[in-house]
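Down below is the structure, laid out as structure tokens.
Here, each number is a calculation from the coordinates, and none is a lab measurement. This structure is a prediction, so every number in the text was calculated from the model and none was measured. Cβ atoms come from the backbone with ideal geometry, glycine included; neighbour counts cover every protein chain shown.
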Amino acid sequence: MKFPHVNRRTHLYLGLFLTPWILMYGLSSIPFSHADFFERRDKALGLPLWTKTFDGPFDLGPIPETGPLRPLGGRVVRDFKMEDSSYGAFRQGPNQLNIYVHTFWKSTQFKYFIEEKRLVAEDRRFRWEHFLTGMHARGGFEDQRFFPILWAVLIDLVCLAFLAWIASGIYMWWSLPGLRNWGWIAILGGLGSFALFLARL
Amino acid sequence: MSLLLRRIHLYLALFLAPWILMYTVSTFVMNHRSLFHGPPPNPPPKFEVERELLYPGEMPEGATPQQVALQLLATLDLDGAHSVARPFAPDKVVVNRQHPIAPRRITYTAPDKKVVIEKMVFSGAGFFERMHRRRGFQHDYALDDSWAVTVDLTIFALLLLPLSGIWMWWELRVTRLLGALSLAAGFALFGILLAVL
């Protein structure tokens, strides 16, 4: 089996295997690129985005000024039996800690008011654009469970695949001398426009 | 039809190669944030003072922070996509001027007309993340709209490239079995992850 053959087959089969991810990144980029349109459309419905599900006393103990907040978020997630979800903890202000708990299908935010030792939990109404953007933004190796790690590994595979598609695509284009002129125009047009944006944007 | 699809698949990908490369590298950076930024929480980006000056003109009476920002940027020859930060003092306006390589923070203090221009210290990871998140239609600048059009073109390509790839695969009878297995395996794994994550 010769290199051009392996190159073409790798380009093809990798593309077919990763089709759902590429389509997902394509579709989910639309609400990011046209966020105002989707916000206006949702606002017109007049529905509340968040629904309060808990508001009461809760003691997380001393909150460190610096350092990782994830262990504190983990305590809330465990107490509310949401261990199957991904989460992150962030300091919203000097007196507030926010914990965001997320699956592809459901999002909950916890607001912990440090001085009052009070916790508020709110569920976010399901919206298709949030479902898509949530998938798009999901990544990283902080969550050490098996499936989140697998998702992060697949993101790396998608990255690797894009590099492979560019390299193998350029190789295939170069193997077709009849297409070189238009190919050069496309490559140089792309590089030139991108450089212009880098300089002027 | 087949030939047209092949040509569009090829030339669109060649034209958009810089965008695809940028989104690829930036996705890798964001997927390995601890590697590039250290353990969370990430520190805010660093700025260094580029220059300080006294504002040479006059701001209109009762100007809003947005009006001050526009006049300031025009005078400093820095007009372009920006945001006005939430004021932390009533007599101060802080403008964040976006830029792929060198974003700037401009602080204007009304009583003494002092202007401080700070430039963000360059970091490769920060650059790629900024480019990844940069959109355009929300700003009133033609260049930003043009960038947003290229982002939409990349989105179009992300949808067209796999679909045209499926078309081309189906035309190659010899690859149908392995191709179908690859496609089915991909959708099955994606479906599982959709259910459990």
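Computed over the Cα atoms of the stretch B:1-83, what is the ratio Rg over Rh, Rh following Kirkwood?
On the Cα set of the stretch B:1-83, Rg over Rh gives 1.23.
What Kirkwood radius, in Å to one decimal, follows from the Cα pairs of the protein assembly as shown?
Hydrodynamic radius (Kirkwood, Cα only) of the protein assembly as shown equals 24.2 Å.
In peptide B:187-197, how many Cβ atoms from other protein chains are near each Cβ within 10 Å, on average?
Mean number of neighbouring Cβ atoms from other chains: 6.
Can you give the Rg to Rh ratio for the stretch B:47-122, taking only C-alpha atoms and Rh from Kirkwood?
0.93
Packing-wise, with mean Cβ within 10 Å as the measure, how do A:119-127, A:24-32 rank, highest first?
My ranking of the peptides, most packed first, is A:24-32, A:119-127.
Please identify every one of the GluC sites (Glu not before Pro) in the stretch A:1-110 that sits in a loop by DSSP and has no more than 16 other beta carbons within 10 Å of its own beta carbon.
A:65, A:83
For the stretch A:50-124, report the % of Cα-Cα distances exceeding 17 Å.
More than 17 Å apart: 37 percent of the Cα pairs in the stretch A:50-124.
Go ahead and run the numbers for FRET between residue B:58 and residue A:90, Cβ-Cβ distance against an R0 of 30 Å, rounding to 0.05.
For residue B:58 and residue A:90, the calculated efficiency is 0.15.
With the alpha-carbon atoms as the only input, what is the per residue convex hull volume for chain A in Å³?
Measuring per residue, one finds 190 Å³ for the Cα hull of chain A.
Could you work out the relative contact order of chain A? I mean the mean sequence separation of Cα pairs under 8 Å and 6+ apart, divided by the number of residues, in percent.
Relative contact order for chain A comes out at 22 percent.
If you take the beta carbon distance between residue B:51 and residue A:66 as r and set R0 to 35 Å, what does 1/(1 + (r/R0)^6) give as a FRET efficiency, to the nearest 0.05?
With R0 = 35 Å, the Cβ-Cβ based efficiency is 0.65.
Based on the Kirkwood radius over alpha-carbon pairs, what is the Stokes-Einstein translational diffusion coefficient of the stretch A:1-64 at 4 °C with 1.567 mPa s viscosity, in µm²/s?
Translational D for this selection: 75 µm²/s.
Expressed in whole Å with the largest first, what are the equivalent ellipsoid semi-axes of chain B derived from the C-alpha gyration tensor as the square root of 5 times each eigenvalue?
The three semi-axes for chain B are 46, 20, 14 Å.
Where a Cα-Cα gap under 21 Å defines reach, which lysines qualify for residue B:92, not counting those fewer than 8 residues away within the same chain?
B:46, B:113, B:114, B:119
Viscosity 0.890 mPa s, temperature 25 °C: what is the translational diffusion coefficient of the stretch B:81-183 from Stokes-Einstein with a Kirkwood Rh over Cα pairs, rounded to a whole number of µm²/s?
Stokes-Einstein gives a translational diffusion coefficient of 139 µm²/s.
Which listed residue (B:115, B:193, B:90) has the Cα farthest towards the positive end of the charge dipole for chain B, taking +1 on Lys and Arg C-beta and -1 on Asp and Glu C-beta about the Cα centre?
B:193
Under a straight-distance cross-link criterion of Cα-Cα below 23 Å, which lysines are reachable from residue A:52, leaving out those fewer than 8 residues away in the same chain?
Those lysines meeting the cut-off are A:43, A:81, A:106, A:111, A:117.
Where the only charges are on Cβ atoms (+1 Lys, Arg; -1 Asp, Glu), what is the dipole of the stretch B:1-152 about its Cα centre, to the nearest 20 debye?
It comes to approximately 680 debye.
Please work out the FRET efficiency for the pair residue A:43 and residue B:91, using the Cβ-Cβ distance as r and a Förster radius of 41 Å; give the result to the nearest 0.05.
0.75
In peptide B:154-167, how many Cβ atoms from other protein chains are near each Cβ within 10 Å, on average?
5
Given the peptides A:10-17, A:134-141, arrange them by the average over their residues of other C-beta atoms within 10 Å, most packed first.
Put in order of decreasing packing, that is A:10-17, A:134-141.
How about the stretch A:33-100: which trypsin sites (Lys or Arg not before Pro) there are in a DSSP loop, with at most 13 other Cβ atoms within 10 Å of their Cβ?
Hits after loop and neighbour filter: A:81.
Ignore the peptide's own chain and count Cβ atoms of other chains within 10 Å of each Cβ in A:180-192; give me the average, rounded.
That works out to 4 on average.
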